[in-house]
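Below: one structure, written as C-alpha cells.
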Amino acid sequence: MARRSEHSRDELKNLAVQAGIQLIEEKGFSGFSARAVATKMGYTVGTIYHLFGTLDEFILHINATTLDLWYASMEHALTGTKEETTVHILAKAYLSFAHQHYARWSALFEHRMAEDKPLPEWYLPKMTRFFALLDHELLPHLNNNHAQTRTAGKALWAGIHGICVLALSGKLDLVKAESPESLVMMLVDATLAGLKHSPIQH
C-alpha cells in the first residue's frame with residue numbers, strides 16, 4: 001500500500017471508503033471499526049479521524065456509496081421491460097439489491113447516529129430520492145395529494161423492508177411463509193388495490 005505522501009487528501013478518503021466497504025463485505029457491520037479499516041489500509045487509526053473528523057462521518061461516506069449503487073440499480077431496473085407496473089419493478093429491485101449486497105445494505109440500517117447529531121445535509125438527498133421514484137408512480141392513485149402520497153410510499157417501503165429483513169435473516173423459513181418475492185408482490189398488489197378505493201379519490 002502506498003504511503004500518505006503519495007496520495008492527495010481526496011485520494012486518501014477514497015482509499016479509506018473502499019477499505020471500509022471491503023471490511024463490511026468481509027465481516028459485516030458488527031466487525032467494522034476505524035482501527036480495522038486503518039490496518040487494512042496500512043495507516044494509523046488517527047488517519048481516519050484526520051480525514052473524516054468523526055467515526056459517524058466516516059460511516060456516512062461509506063454508506064453514501066452504497067446508496068449511490070442502490071439507486072443506480074433501481075434506475076437500471078426501470079429501463080427494462082414494462083410488463084409490470086413501476087411499483088412492482090421497484091419492489092423487486094429493492095429485494096434484489098438487499099439480497100445481492102446484504103452486508104452493505106444491512107450497514108445502512110445498523111448504523112445509528114447519536115440522538116443530538118442529525119444527518120448532514122449532503123446525505124439526506126441520497127435517501128429521499130428513493131421515495132421520489134415511488135411517489136411519482138403513486139401520486140396519480142391519490143388524486144395528486146402529495147402529503148398522502150409520501151405517507152403511502154413510506155408505508156409501502158416499510159413493508160417491503162420488513163419482508164427483506166425477515167427473509168435475509170432466515171425468519172420467514174420459521175413460519176413457512178411464501179417466497180420473499182411473492183410476499184412483496186402481494187403487498188404491492190394489495191397497496192395499489194387499496195389506493196384505488198381510497199377516500200382521497202372521491
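Over every pair of different alpha-carbon atoms in the range 1-53, take the mean of 1/r and invert it; report that Kirkwood radius in Å. All intermediate terms of the calculation are to be shown ahead of the outcome.
Numbers: mean 1/r = 0.0908 Å⁻¹.
Evaluated on the range 1-53, it is 11.0 Å.
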Legend entry - Mean Cα-pair separation over length for the chain, i.e. relative contact order, pairs under 8 Å, 6 or more apart, %: 19 percent
Inset, instruction - Please turn the phi angles of the range 184-195 into ³J(HN,Hα) values with the Karplus equation 6.51 cos²θ - 1.76 cosθ + 1.60 (θ = phi - 60°), one per residue in order, whole Hz, x for glycine and proline. - result: 5, 5, 5, 5, 5, 4, 5, 5, 5, 5, x, 5
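Taking the square root of 5 times each eigenvalue of the Cα gyration tensor, what semi-axes in Å does the equivalent ellipsoid of the range 77-200 have, largest first? Intermediate results must be reported in sequence, preceding the final value.
Working: eigenvalues 111, 94, 41 Å².
Over the Cα atoms of the range 77-200, the semi-axes work out to 24, 22, 14 Å.
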Inset, instruction - Take peptides 105-117, 29-41 and line them up by average Cβ neighbours within 10 Å, highest first, as a rough protection proxy. - result: 29-41, 105-117
Inset, instruction - For the range 63-201, build the charge dipole from Cβ charges (+1 Lys, Arg; -1 Asp, Glu) around the Cα centre, then report which of W70, P118, A193 sits farthest towards its positive end. - result: P118
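With runs of 4+ DSSP H residues as the only contributors, calculate the mean residue ellipticity of the chain at 222 nm using -39,500 (n - 2.57) per run, divided by the residue total and rounded to the nearest 500. Numbers along the way, then the final one.
Numbers: 10 runs with 142 residues, N = 202.
Helices in the chain give a 222 nm mean residue ellipticity of -22500 deg cm²/dmol.
Any read-out appearing in this document is the output of simple, stated calculations on the displayed coordinates, not a laboratory observation. Just so it is clear, the structure is predicted and the values come from calculations on it, not from any experiment. Every residue, glycine among them, receives a Cβ derived from its backbone with ideal geometry; neighbour counts consider all protein chains shown.
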